[in-house]
Structures are given as structure tokens and as C-alpha cells.
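Visitor: Quick one: this structure, given as C-alpha cells, is what I'll be asking you about.
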Amino acid sequence: MSKGKEEESLNIIRGGEIPSHVAIIMDGNGRWARKRGLPRIAGHKAGMDTLREIISCAHEIGIKVMTFFAFSTENWKRPSWEVRFLMTLPEEYLQKDLPSLMEKNVVIKAIGDLNRLPKRTLRAVNHALQSTKNNTGMIVNFALNYGGRAEIVDAVRHIAGEVAGGELALDEINEQLFADHLYTRDIPDPDLLIRPSGELRISNFLLWQTAYTELWFTETFWPEFKREHFLQAIMDYQKRERRFGGIKK
Ligand code: FPP
């Protein structure tokens with residue numbers, strides 16, 4: 001994208017409503033690599049560069065929360081060498097980028113069943129959570145060993161435990177209480193969900209939270225998803241009319 005065109009897009013975006021929370025399913029790494037005759041892991045490596053570029057762009061625009069789907073509860077079904085490689089990426093990324101994330105005042109968060117992550121991965125994630133917890137800027141939230149259904153079951157189990165323990169009455173259960181038992185209890189629902197690579201599915205991502213989220217799809221694979229795609233997604237979002245089940249004003 002030329003500098004002029006990018007400035008124009010940024011001006012349009014700054015003049016409109018900035019989505020508070022953008023969630024992204026980082027998809028298409030494997031197909032991007034295959035198209036180039038490269039191993040799948042080269043696609044994941046390239047995907048990490050895209051992640052950097054998009055975090056930096058989101059920070060410039062002033063988005064408050066970015067959630068990235070990095071590893072799903074279903075991804076364990078992949079060959080063990082690929083799972084092992086994927087598990088090294090959070091460590092590599094956080095080790096390299098923590099200084100620049102600190103400079104940007106970013107708060108790192110993670111959602112998912114983190115206890116199943118390999119020790120080294122968990123250690124790197126916990127270190128980033130601890131190091132950035134007093135920052136006050138953009139939240140960068142990684143979904144790691146995350147599944148939307150598992151999250152809902154987990155919430156149900158906690159709520160049922162509270163009812164069984166006499167801490168909670170049945171008629172106190174409402175949507176807000178349920179949301180307060182999800183991993184995302186301290187962040188707003190996504191306004192916009194982006195999925196690259198031509199797949200038109202939610203794939204068990206933020207099932208409860210995306211009830212009214214605007215969806216944006218592109219054929220572009222994640223490793224070739226650039227600032228221009230991200231800016232386009234935000235501009236398209238700004239043209240949509242969100243009614244949340246109501247009628248046009
Ligand atoms: C999906 O593409 C992508 C993943 C399962 C991994 C995404 C991870 C990264 C981009 C690395 C950055 C992560 C962190 C936490 C720093 P795919 O392999 O399913 O692609 P395909 O559908 O084309 O095979």
C-alpha cells in the first residue's frame with residue numbers, strides 16, 4: 001500500500017468509530033507454505049511476522065483489545081512435530097517482542113486451558129502476563145489451547161459448583177453472571193472478528209462472545225495478510241450498521 005493511500009485509510013478510520021475489540025483467527029499458514037513448496041512450519045513462522053505487523057497497526061489506531069486464536073483445543077490432533085513446533089512459538093515471540101510490547105504499554109492476556117501447555121510455553125506466557133500486568137495500554141489476548149465449547153462447559157461447572165455449595169441461588173443465574181464466569185470476564189465482547197484464508201466458519205472461537213460480532217472474511221492467507229487488509233476490515237466495519245436485534249434508528 002502506498003504511503004498516501006495508507007494515510008487516507010488511517011484518516012477515514014480515525015474519523016469513525018474505532019472497534020474496541022477485534023478478534024482474529026490466524027488461518028492459512030499451512031496452505032501459504034504449501035503454495036510456495038515450503039514446510040508448514042515456515043507458514044507459522046511467517047504468520048508470526050503478520051502478528052507483529054497487525055499488533056503494531058492496531059496500537060497505532062488505538063484499538064483497546066486484540067484477541068488472536070493461536071492454538072485451539074482441536075489443534076492437538078495435528079502431527080506431534082507440528083504441535084511441538086507451534087508450542088515453541090509463544091516462547092519465541094514473547095522473548096523477542098516483550099521489550100517492544102512493554103514500550104507500547106501493552107497488557108498481555110491469555111485465554112484457554114493453559115495448564116495443558118508444555119512447561120516451557122506456560123513459563124513464557126506466565127512471565128509475559130506478570131511483566132505486563134501493570135501496563136495500561138492495549139490488551140493483546142492470546143487464545144492458547146482454547147475452545148469455545150470447553151470454555152462454556154467450564155463456566156457451567158463453576159456455576160453449578162457455586163449453586164451446589166449454596167453460594168449462589170438458581171434465580172441469580174443470568175447472562176451477566178454467566179459472562180462473568182468465562183475466561184473473557186474482564187474484556188468486552190469482540191466488535192469485529194476477522195478470518196483470513198477463505199474459510200467461512202467460527203471454528204469454536206469465542207462462541208458466547210461473538211453473539212453480535214461483525215464478521216469479516218478474506219481469501220488472503222494469514223502470512224500475506226498485511227496492514228492494508230486490516231485497515232480495510234476496519235473501514236468496512238465502520239460502514240456496517242449494528243442493531244443488536246433492535247431496529248434502524
Ligand atoms: C492456522 O493455520 C494457524 C495456527 C494453528 C497457528 C497460528 C499461530 C501463529 C500465527 C504463530 C503466532 C502465535 C503466537 C502465540 C506468538 P493452519 O496451519 O491451520 O493453516 P492451513 O489451514 O492452511 O493448514
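The numbers here are math on the coordinates, done by the rules we state, and not lab data. Please read all numbers here as calculations on a predicted model, not as lab measurements. Cβ placement follows ideal geometry from the backbone for every residue including glycine, while neighbour counts extend to all protein chains displayed.
Visitor: Give 3/104; 3/35; 35/109; 5/35; 104/239; 5/104 a once-over and call out the pairs whose C-alpha atoms are over 27 Å from each other. Write down the numbers at each step before the final one.
Guide: Numbers: 3/104 23 Å; 3/35 29 Å; 35/109 33 Å; 5/35 29 Å; 104/239 29 Å; 5/104 25 Å.
Too far apart for the 27 Å limit: 3/35; 35/109; 5/35; 104/239.
Visitor: Would you work out which of 231, 207, 134 lies farthest towards the positive end of the dipole of the chain, given +1 charges on the beta-carbon of Lys and Arg and -1 on that of Asp and Glu, about the Cα centre?
Guide: The Cα lying farthest towards the positive end belongs to 231.
Visitor: Just name one of 32, 75, 51: the one whose Cα is farthest towards the positive end of the charge dipole of the range 1-134 (beta-carbon charges, Lys/Arg +1, Asp/Glu -1).
Guide: It is 75.
Visitor: For residue 116 and residue 52, calculate 0.36 nm times their separation in residues minus their Cα-Cα distance, and state this gained length in nm to one decimal.
Guide: Numbers: separation 64, 0.36 × 64 = 23.04 nm, distance 2.55 nm.
Gain on stretching residue 116 to residue 52: 20.5 nm.
Visitor: Select from 150, 2, 216 the residue farthest towards the positive end of the dipole of the chain; place +1 on Cβ of Lys and Arg, -1 on Cβ of Asp and Glu, and compute about the Cα centre.
Guide: Result: 2, furthest along the dipole toward the positive end.
Visitor: Sequence-distant or interchain residues sharing an amide H contact under 5 Å with residue 109, placed H: which?
Guide: 140, 141, 142
Visitor: How would you rank 228-240, 183-195, highest first, on the average number of other Cβ atoms within 10 Å across their residues? Provide the component values of the computation, followed by the final result.
Guide: On the way: 228-240: 17.2, 183-195: 19.5.
Result, highest mean first: 183-195, 228-240.
Visitor: Also, quick follow-up: Anything in the chain that counts as a DSSP H helix reaching 30 Å or more along its axis (C-alpha) with Kyte-Doolittle mean of at least -0.5? List them, would you? If you can, show how the numbers build up before the last one.
Guide: Numbers: long enough: 40-61 (32 Å, -0.02); 80-103 (35 Å, -0.30).
Helices passing the filter in the chain: 40-61, 80-103.
Visitor: Now a separate question. With 10 Å bins from zero, work out the P(r) of the chain over every alpha carbon pair and list the percent per bin.
Guide: Taking every Cα pair in the chain, the percentages come to 7, 29, 36, 21, 7, 1, 0.
Visitor: Can you compute the helix-only [θ] at 222 nm over the chain? Use -39500 (n - 2.57) per DSSP H run of at least 4 residues, normalise by all residues, nearest 500 deg cm²/dmol. Kindly include the intermediate steps, with their values, before the conclusion.
Guide: Values: 8 runs with 114 residues, N = 249.
The helix contribution divided over the chain gives -15000 deg cm²/dmol.
Visitor: In a solvent-free Debye calculation with one equal scatterer on each Cα, what is log10 I(q)/I(0) for the range 33-166 at q = 0.21 Å⁻¹, listed in the order of the q values?
Guide: Taken in order of the listed q values, log10 I(q)/I(0) reads -1.30.
Visitor: Counting Lys and Arg as +1 and Asp and Glu as -1, each charge on the Cβ, what is the dipole of the chain about the Cα centre in debye, to the nearest 20? Walk me through the numbers before you get to the answer.
Guide: Numbers: 35 positive and 33 negative charges, 195 e Å.
Approximately 940 debye in magnitude.
Visitor: Excluding same-chain residues fewer than 8 positions from residue 119, which aspartates and glutamates have a Cα within less than 12 Å of its Cα?
Guide: Within the straight-line cut-off, residue 119 pairs with 91.
Visitor: Quick check: residue separation of residue 85 and residue 130 times 0.36 nm, minus the Cα distance between them. What number comes out in nm? If you can, show how the numbers build up before the last one.
Guide: Numbers: separation 45, 0.36 × 45 = 16.20 nm, distance 2.42 nm.
That pair, residue 85 and residue 130, stretches by 13.8 nm at full extension.
Visitor: Mind jotting down the distance between the C-alpha centroids of the range 127-150 and the range 18-86, whole Å?
Guide: Centre-to-centre distance over Cα atoms comes out at 15 Å.
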